[in-house]
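Peer 1: Got a structure for you, questions after.
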Amino acid sequence: MALTKVGPKYQVTIPKEAREAVGLAVGDLVEATPTKDGVRLRPPAVIPKSALAALQQQATRSGTDKLSRREIAAEIAAVRQEKSQRSA
């Protein structure tokens, strides 16, 4: 576990290993949720436009207008990973 310091404007730097594990890139939004143990940071439930386009293509390829939650999560993860690799 890496430690990080709270800066004068309450900013924190997310360690590289953690950023890469979840596919965060500069400019991405994170959701800060207070918990009984501290603050939880995670990518929000907001879906990037590029992920929506990928979902539409996947639905078209499968011949249906519905995708399972697993398929949706996989497409979103793939777009986030691709975005992370481009910014690295």
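The values are calculated or read from the model by the stated rules, or taken from the named source; none is laboratory data. Nothing here was measured: the structure is a model prediction, and the numbers come from that model. All Cβ positions, even for glycine, are placed from backbone atoms using ideal geometry, and neighbour counts span all protein chains on display.
Peer 1: What's the number of the only condition in (1) exposed (fewer than 13 other Cβ atoms within 10 Å of the Cβ); (2) not in a loop (DSSP other than H, G, I, E, B) that residue 20 fails to meet?
Peer 2: The failed condition is (1).
Peer 1: Would you point out which residue out of 83, 66, 36 is modelled with pLDDT of 85 or more and charged (D, E, K, R)?
Peer 2: On the way: 83 fails: modelled with pLDDT of 85 or more; 66 fails: modelled with pLDDT of 85 or more.
Selected residue: 36, the only one of 83, 66, 36 that is modelled with pLDDT of 85 or more and charged (D, E, K, R).
Peer 1: Taking residue 77 as the residue in question, decide whether it is modelled with pLDDT of 75 or more and surrounded by 14 or more Cβ atoms within 10 Å (Cβ to Cβ).
Peer 2: yes
Peer 1: List, please: which pairs have Cβ atoms under 6 Å, are six or more places apart or on different chains, and start with a residue in the range 50-71 that is under 20 Å from residue 82 (Cβ atoms) and end with one that is in a loop (DSSP other than H, G, I, E, B)?
Peer 2: 59/65; 59/67
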